[in-house]
Amino acid sequence: MEEIRIGVFVCNCGSNIAGFLDCKELAEYSKTLPDVTFTRENLFSCSEAGVTDIKNAIIENKLNRVIVAACTPRTHEPTFRAACQDAGMNPFFFEFVNIREHCSWAHKNEPEPATQKAKDLIRMGVARARLLEPQESIVAKVEPSALIIGGGIAGLTATQSLAARGFEVTLVERTNQLGGLMKGLYQIFPGDISAEQLTSEKIETLSKYPNANVMTETNVVDVAGYVGNYVATIQPNKKQEIKKKFGIIIVATGTRSLIPDGLYKYDGKKIITQMHLESLLKTGKFKTKNVVMIQCAGSRNSERIYCSRICCMTAIKSGIFIKQQNPDAKVFILYRDLMCHGVENEEILRRAKELGVRFVKFSEDQPPQVEENSVKVFNDVLGREMEIDYDSVVLATPLIPNEGVESVSKMLKVPLDEYKFFLEAHIKLRPNDFATDGIYVCGTAHWPATITESIHQALGAAARASIHLTREEVEVEPIVSMLVDEDACRGCGLCASVCPYGSIEMVQTSKGIKANIVAVACKGCGTCGATCYKHAIKMNHFTNEQLTAQISVAFNE
């Protein structure tokens, strides 16, 4: 049996860890632990120099287990695993010990107890590392086709991007028109582009790709399978259902504008929304001379604390259009804060002011009061109340998720946040990915965004998806559950019923009904292993023996 040689690397993380823990003492303590033959204290283990140091130490000291005591594995574990692999070591002989979130940050006012806790965690990490086993990634074939759910600007862009790469793409839109929220807009700033023209150009370009199948008035009613091998049940216009295989799925279900019932005496006639104003400007039916626009109508409050990002620029844009059509019109924009991101948007704001659009700042605790023919507002800058006559009041309402997102979330087994926008795997490292492999998100289904941002996100999601489609196979981490004792399995189906990823199926075998685990679909959550009362299932890389060893040394020096 090969001698176990463990290397422990303690990261200072600048001052994030070293500012609260005694990292030198942790490195010295690590030398006293069983099978630890090498220790090092690094300033930044994840830096290029730190990673190179780990690689060199593995080769020079013949290490076959590596522990990094640093920050969260969620962000940096792939980096250290890759370093181990580059040095010729199986990447699953790597163990991550989190002494930043669990020690230095959690107990920053208690450096000595925090250092002691870090010692305990490193000791537990060493105990588990001694029992780690080599693992090999699971490889599965990928169906070279994509399903796009949603036909707004994000869905159209993602479909076009993948179709241009030569992949078969199916775009499913539940309404009878493509374009989503954008089709109701007038013009798009800063280029003064017609929204209708942009939508038409996208649709026309898409029609030139024979490998792009666009289905309107169609719903995705069910999705089964896993990355590379999803089976979607599609129902076009309440006709017979179609089952089709897809390698990846992109969610671009879009958003809608809040109808502000009960806010500012909204009636849809004299008091309308910005989306309603867009349609009136588009058809040339808006002839009002005295306009008051009220921002943050239904957002940045206790119910929806978020800023919808597009409202300020939409109001400014509308104000410019009104002044251009009728220079004598009076336009007031009542705002709490103006969000004009970037040089171009600041230039548009300057242009609006030059045309005579007036801006009045109000505070959250003194919102405008809409009367019969005037709006009363306390001007924060002037320090006095103003009364502004109006013919129309225009409310800037926030973007909110489309109806039916809950059913899409359950069907695809992907999460929603507290406002029912889709939640990405990691806001910085995987902004277009879901935690479920092979499913991606883009556009306003993810969060309120401008048209430009939605297009960029769609291109990003398509690029991520094309990696799997181009390779025609996918590698999945082997940290999955395994049926280790078929004889012990009673075929009760309890494991299949609790699996949140649908990765366990009950099949008929020569020994009766048994559980069959589809490893490529498994996420290694461990629910099935914890549920199996016959102990027929174990978790790869997190075995009972490894966890028991950690628990044993946690309470014994």
Which order do the peptides 99-111, 171-183, 132-144, 59-71 take when ranked by the mean count of other beta-carbon atoms within 10 Å per residue, highest first? 59-71, 171-183, 99-111, 132-144
Which aspartates and glutamates have a Cα lying under 12 Å from the Cα of K55, excluding residues fewer than 8 positions away in the same chain? D86
If you take every DSSP beta bridge whose two residues both sit in the chain, what share of them, in percent to the nearest 5, is antiparallel? 45 percent
Which of the aspartates and glutamates could a cross-linker span from K511 if the Cα-Cα distance has to be under 18 Å and same-chain partners fewer than 8 positions apart are dropped? D485, E486, D487
K24 versus T548: modelled label distance in nm, points set 7 Å from Cα along the beta carbon direction: 4.1 nm
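Subtract the Cα-Cα distance of E133 and L43 from 0.36 nm times their separation in residues, and report this length gain in nm to one decimal. Write out the running numbers ahead of the final one.
Working: separation 90, 0.36 × 90 = 32.40 nm, distance 2.94 nm.
Gain on stretching E133 to L43: 29.5 nm.
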So what is Rg over Rh here for region 6-135, counting just Cα atoms and using Kirkwood for Rh? 0.94
How much length would be gained if the chain were fully extended between N556 and T32, taking 0.36 nm per residue of separation minus their Cα-Cα distance, in nm to one decimal? 187.2 nm
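Per the Kirkwood formula on distinct C-alpha pairs, the Rh of region 319-401 is how many angstrom? Don't skip to the end; give the middle numbers.
Working: mean 1/r = 0.0709 Å⁻¹.
Kirkwood hydrodynamic radius for region 319-401: 14.1 Å.
So if each residue of separation counts as 0.36 nm, and I subtract the Cα-Cα distance between N61 and N213, what length gain in nm does that give?
Working: separation 152, 0.36 × 152 = 54.72 nm, distance 5.71 nm.
So the chain would gain 49.0 nm between N61 and N213.
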From the alpha carbon gyration tensor of region 209-304, can you work out the equivalent ellipsoid semi-axes (sqrt of 5 times each eigenvalue) and give them in Å, largest to smallest? 41, 18, 13
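Rounded to the nearest 0.05, what FRET efficiency do A435 and A106 have when you use their Cβ-Cβ distance and R0 = 22 Å?
So, using R0 = 22 Å, E works out to roughly 0.35.
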Efficiency of FRET between K410 and R384 - r from beta-carbon atoms, R0 60 angstrom, step 0.05: 0.70
Are there trypsin sites (Lys or Arg not before Pro) in region 233-281 that DSSP puts in a loop and that have at most 16 other Cβ atoms within 10 Å, and which ones? K238, K239, K265, K269, K270
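Can you pull out the chymotrypsin sites (Phe, Trp or Tyr not before Pro) in region 184-289 that DSSP calls coil and that have at most 13 other Cβ atoms within 10 Å?
Passing both the DSSP loop test and the Cβ count: no residue.
May I ask you to derive the FRET efficiency for N326 and R74 from their Cβ-Cβ distance with R0 = 60 Å, giving the value to the nearest 0.05? Display every interim value, and only then the final one.
Values: r = 55 Å, r/R0 = 0.92.
Calculated transfer efficiency: 0.60.
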Does a label point 7 Å from the Cα of L355, set along Cα-to-beta-carbon, have any residues of region 268-305 with amide nitrogen under 20 Å, and which are they? 272-296
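Mind checking region 284-366 for trypsin sites (Lys or Arg not before Pro) that DSSP puts in a loop (not H, G, I, E or B) and that have at most 14 other Cβ atoms within 10 Å? Spell out each step's value before the answer.
Working: sites: K285, K287, K289, R300, R304, R309, K317, K323, K330, R336, R350, R351, K353, R358, K361; in loops: K285, K287, K289, R300, R304, R309, R336.
Answer by residue number: K285, K287, K289.
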In straight Cα distance, which aspartates and glutamates are under 17 Å from K243, not counting same-chain residues fewer than 8 positions off? E143, E168, E173, E217, D222
Any of K285/K376; K282/K317; K141/K523; K183/K282; K287/K317; K269/K330 with alpha carbons more than 21 Å apart? Name them for me. K285/K376
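Every number in this text was worked out from the coordinates using simple rules, so none of it is lab data. A quick note: this is a predicted structure, and the numbers were derived from the prediction, not measured. FYI the Cβ positions are ideal-geometry reconstructions off the backbone, even for glycines, and counts take in every protein chain you see.
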